[in-house]
1. Quick one: compute a quarter of the convex hull surface over the Cα atoms of the stretch 7-153 and quote it in nm².
2. What FRET efficiency do you get for T140 and L39 if R0 is 41 Å and r is their Cβ-Cβ distance, rounded to the nearest 0.05?
3. How many nm separate the modelled label positions at V8 and D113, each set 7 Å beyond the Cα in the direction of the Cβ?
4. Before anything else, pin down the relative contact order of the stretch 7-153: Cα pairs under 8 Å, at least 6 apart, normalised by residue count, whole percent.
5. Contour minus end-to-end for E77 and H148, with contour as 0.36 nm per residue of separation and end-to-end as the Cα-Cα distance?
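What follows is calculated from the coordinates using simple rules that are stated; it is not laboratory data. Since the structure is predicted, the reported quantities are computational estimates derived from the model, not experimental observations. All Cβ positions, even for glycine, are placed from backbone atoms using ideal geometry, and neighbour counts span all protein chains on display.
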Amino acid sequence: MSELDMTVLYGMHDALRREVTQLTRLSVRVGQDPRRVPLWRLFRQSLRCHFAAEDQALWPPLRRTLAHRPDHLALLEALEAEHAALEELVNAIDELHADAGLSGLGGLGDLTDSLVTGLTGHLKHEEDAALPLIRQALPTRQWARFIHLHTRPTGLDRWSPTP
């Protein structure tokens, strides 16, 4: 078994869990004004960067390494499907925010609840099923590529809290 340092990945998962829960609490409290939830843009960008790093640097090399293991390939497909479903929720929340001036934020609570449930479930699935597989099958150099992609500057330092 490989000795890959998972600190960055667990740190990001912990941050995503904390932030999505905090955003849900804020969205319930602020009522009709999405501008009162300025962390949404930062959370959305962080989640997308995390997913992009996994989609670029983890799943493809694992898919090649595990091509002879259909059960492991099914796990990777499930994780990618979870990414797609979560991205759909993020897009639906963005659309709701964009249309908020016209119709308010009815449905925001249901969408954010779905995001919390979906994201926390996905992160647990990834930690329980994919991380042991990554430790076993991913070359160290590929893990280093993932860490590089995951931690590269993204422009978040220029993030502004105004929508």
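1. Working: hull surface 34.9 nm².
Spelled out: convex hull of the Cα atoms, projected over all directions, averaged, 8.7 nm².
2. Numbers: r = 35 Å, r/R0 = 0.84.
Efficiency at R0 = 41 Å is approximately 0.75.
3. So the label points at V8 and D113 sit 3.7 nm apart.
4. Details: 94 pairs, mean separation 57.0, N = 147.
With pairs under 8 Å counted, the relative contact order is 39 percent.
5. On the way: separation 71, 0.36 × 71 = 25.56 nm, distance 2.35 nm.
Full extension from E77 to H148 adds 23.2 nm.
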